[in-house]
Amino acid sequence: MDKVIVTGLLVIGSVTAALVVILTIGPSVSGSSQSVLEAQREASAIIKTDIEVIAVAANSAGTLVDAWIKNVGVAPIFGLSSSDVFVVTPGTRYDAMAYATSGDNTWTELPAGSSWDRGQTLHIAITLPSGDPLVSGSHSIRISTPNGVVAERVFSR
């Protein structure tokens, strides 16, 4: 009879301990899985995004640069105004362009739109200050999508 009571108490104690562990660890495991799922979604978006700079041309004064960039990924790119555009002259210049329809050190897409679908080529116009134009020589344009995918191309003026 003593063995039955001891066994019963041990079973009750084991079930109670298991229940306490499940109730305390369960919510943290659920929160961790949500974090992992979100990280996987972000990684998937980055993998599906890819761009390529097709062509770049500067005007003779060095104040306007036109660039054509193709969405070669499998997903559309949204939030173009959050993209980063840089004009670089190695060793002397690194200009970050602001998204705007006019003004110096700005860029805008032509024509303006809300998304950049798969296979589309985006034409962007970059305006540099007339007092600080691109000099003759080698330059590069660097473009980064809102989710961090980067493309770069060297061009001459």
*Can you spot a residue in segment 67-86 that is of a type in the set (V, I, T), closer than 27 Å to V154 by Cβ, in contact with a Gly (Cβ under 9 Å, 6 or more places away or on another chain) and modelled with pLDDT under 90?*
no
*From the list V85, V65, pick out the single residue that is assigned by TED's automatic domain parsing to the domain that holds L128 and within 16 Å of the chain's Cα centre (by Cα).*
V85
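Would you check which residues across segment 39-57 are charged (D, E, K, R) and surrounded by 13 or more Cβ atoms within 10 Å (Cβ to Cβ) and list them?
Passing the criteria: K48, D50, E52.
Have a look at S144, S136 and point out the one that is among the small types (G, A, S) and surrounded by 14 or more Cβ atoms within 10 Å (Cβ to Cβ). Please lay out each step first, then the result.
Values: S136 fails: surrounded by 14 or more Cβ atoms within 10 Å (Cβ to Cβ).
That would be S144, the only listed residue that is among the small types (G, A, S) and surrounded by 14 or more Cβ atoms within 10 Å (Cβ to Cβ).
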*Hey, could you check segment 88-120 for residues that are surrounded by 16 or more Cβ atoms within 10 Å (Cβ to Cβ) and hydrophobic (A, V, I, L, M, F, W, C) and say which is nearest to the chain's Cα centre (by Cα)?*
W116
*Of residues in segment 107-140 being in contact with an Asp or Glu (Cβ under 7 Å, 6 or more places away or on another chain) and among the β-branched types (V, I, T), the one nearest to I46 (Cα to Cα)*: I124
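The values are calculated or read from the model by the stated rules, or taken from the named source; none is laboratory data. Nothing here was measured: the structure is a model prediction, and the numbers come from that model. Every residue, glycine as well, gets a Cβ built from its backbone with ideal geometry; the counts of neighbours run over all protein chains shown.
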